[in-house]
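J.: One structure, as structure tokens, below. Some questions next.
Read-outs throughout are calculated quantities, based only on the coordinates presented, and are distinct from any laboratory measurement. Keep in mind that this is a model prediction, so the values were computed, not measured. Note: ideal-geometry Cβ built from the backbone for every residue, glycine included; neighbour counts use all protein chains shown.
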Amino acid sequence: MNTFQPGELVLLTSQKGKTWLVRAGSGSFSSHLGDVDLQEVVGRQEGEWLETNQGAKVFLFRPSLGDYIHKLKRRTQVIYPKDIGAFLVYGDIGLGDVVLESGIGSGALTLALLRAVGPSGRVISVEIRPEFAQLARKNIEVFFGKTPENHRLIVGDVTALPLATRVDRVVLDLPEPWHAVGAVSAALRTGGLLISLSPQVGQVQIMWQELRRHGYANVTTFELLKRNWKIDARRARPEDRMIGHTGFITVAKKIAHTLEEVPTIRDPEAPVPT
């Protein structure tokens, strides 16, 4: 029986979907629904509930990665789960991969990368700002309960670091990611994928030019919009608000040569230029 243990993260959830992130056994918790004793969470199973002193029920769940991302402490705008999912799928990030990440922010994407590569893979995060690195490290430790053994966090400028490790994927969340392309491309294996997030289309255009110059093909860019719906017995309609544009995701594949070095294959039926 997988019951809650003292100190474990718990997502208290009201019957209307309001959530709070707490720790099992850590005193009492108060909300507009009343007070609950968090010591009573210890030993209970996920999906059970507690009753507040005002008679309201709050359900007990372990926070999903998406739940935690929305609750984690931040100094920057986090990458939304809708975009994180695209990074993992379109970046083809999976078990055993070695991923180089630059721009850790609050650690939201890093959490997903660490779970995706598993114990047999590795995530190397490079962050130029020490305060961001410190906060991200703490957020990662809180979610996993410890510092993951497959994570290395480097405080420094990715454009100036000697990157001797060969990596399978590169993930960039930087204000000017094109400055990093040359440095990270030296570490990315041929056939590997580079994934970048930029909020403005002008940034994407500069990034596209730099990727082509450093030997990338199949460069694609897209954005994702997420709209929830209100569903009950009497209605089914879109929510009034939605998560619209958050950023452009660019995915590129590294080839063996720069595009200028790739030989042109002439169509034998085409006329010979004079």
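J.: Using the Cα centre as the reference, give the magnitude of the dipole from point charges on the C-beta atoms of the stretch 9-63 (Lys, Arg: +1; Asp, Glu: -1; all else neutral), rounded to the nearest 20 debye.
T.: Computed about the Cα centre, the dipole is about 220 debye.
J.: Could you put F87, F61 in order, starting from the residue whose Cβ has the fewest other Cβ atoms within 10 Å?
T.: F61, F87
J.: Would you mind checking the tilt of helix 178-187 against the longest principal axis of the Cα atoms of the chain, expressed as 0 to 90 degrees and rounded to 10?
T.: Once rounded, the angle reads 80 degrees.
J.: If you don't mind, there's one more thing I want to ask. Which of D83, D35, D232 moves the most in a Gaussian network model of the chain with Cα springs under 10 Å?
T.: Comparing D83, D35, D232 in a Gaussian network model of the chain, the most mobile one is D232.
J.: Once label points are set 7 Å from the Cα along Cα→Cβ at both A256 and T19, what is their separation, rounded to one decimal in nm?
T.: The answer from the label model is 4.7 nm.
J.: Quote the FRET efficiency, to the nearest 0.05, computed for A236 versus A164 with a Förster distance R0 of 41 Å and r equal to the Cβ-Cβ distance.
T.: Efficiency for this residue pair is about 0.15.
J.: From Cα pairs below 8 angstrom and at least 6 apart in sequence, can you work out the relative contact order of the chain, rounded to a whole percent?
T.: Relative CO of the chain lands at 12 percent.
J.: Scan (i) 73, 71, 33; (ii) 89, 48, 33; (iii) 60, 47, 40 for the value of Cα extents along the principal axes in Å calculated from this model and give just the label.
T.: (ii)
J.: Still on this structure: How much mean residue ellipticity at 222 nm does the chain get from its helices, if each DSSP H run of length 4 or more adds -39500 (n - 2.57) and you divide by all residues, to the nearest 500 deg cm²/dmol?
T.: -7000 deg cm²/dmol, from helical runs alone.
J.: Under a Cβ-only charge scheme (Lys and Arg +1, Asp and Glu -1), can you give me the dipole magnitude of the stretch 133-177 about the Cα centre, in debye to the nearest 20?
T.: The calculation lands at about 200 debye.
J.: May I pose another question? Evaluate 2.2 N^0.38 Å with N set to the residue count of the stretch 9-63, then give the Cα radius of gyration divided by it.
T.: Computed over Cα atoms of the stretch 9-63, the ratio equals 0.96.
J.: Over all directions, what mean area does the Cα convex hull of the stretch 65-124 project, stated in square nanometres?
T.: Average of the hull's projected areas for the stretch 65-124 equals 3.9 nm².
J.: OK, next. Once you have the Cα-Cα distance between S31 and E51, take 0.36 nm times their residue separation minus that, and quote the gain in nm to one decimal.
T.: 6.0 nm
J.: Starting from the Cα of I206, move 7 Å in the Cα-to-Cβ direction to define the label point; list residues of the stretch 169-200 whose amide nitrogen is under 15 Å from there.
T.: Answer for this model: 173-182, 197-200.
J.: Next question, about the same structure. Along the charge dipole of the chain, pointing to its positive end and built from +1/-1 on Cβ of Lys, Arg, Asp and Glu, which listed residue (I206, G107, I195) has its Cα farthest out?
T.: Value: G107.
J.: Counting pairs of alpha carbon atoms under 8 Å apart in space and at least six apart in sequence, what relative contact order in percent does the stretch 151-239 give?
T.: 23
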